[in-house]
Amino acid sequence: MLTIRPARVEDARAGAECHLACWREAYADIADPVALAARTGDLEHRTTRWETAIAAGEQRWVVVDASGEVVGIRRRRDGRDGDIDPDLEVYAINVRAFGYGTGVGAALLATAAEIRLRR
């Protein structure tokens, strides 16, 4: 069973771990290994960024499995185009490799649309 919910500050480390693991899994076969290791090697820095962003009210969501592990994330940020509604910009959806093809990514995208429609 998976639960999709807003990230809390106490989710920062697990969210950061998931984020970095997703990058490693997604880019392992196409990115320079040294560059990928450099980009995904600083968990403490990434955790701090997650804590700061969540505390500041940035919308981040997590997918948590039955064991409590974060297995997917979604991030929204202010829009970068002046001619669209910034609430519609989903900046990132990342899912662990074992979740590929399971509908987790689609569910994260659907939650973004549902939240927008409820406003």
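Every read-out reported here was derived from the displayed coordinates using simple, explicitly stated rules and does not represent laboratory data. Keep in mind that what you see is a predicted model, and the values were worked out from it rather than measured. Counting neighbours? That spans all protein chains shown, and the Cβs are built from the backbone with ideal geometry, glycine included.
Things worth noting here:
- Nitroxide proxy distance, nm - points 7 Å out along Cα→Cβ at MET1 and ALA97: 2.9 nm
- The simple spin-label model puts a point 7 Å past each Cα toward its Cβ; for GLU58 and GLU10 those points are separated by 2.2 nm.
- Working ranking of peptides 4-12, 25-33 by packing, defined as the average number of other Cβ atoms within 10 Å per residue, highest first, is 4-12, 25-33.
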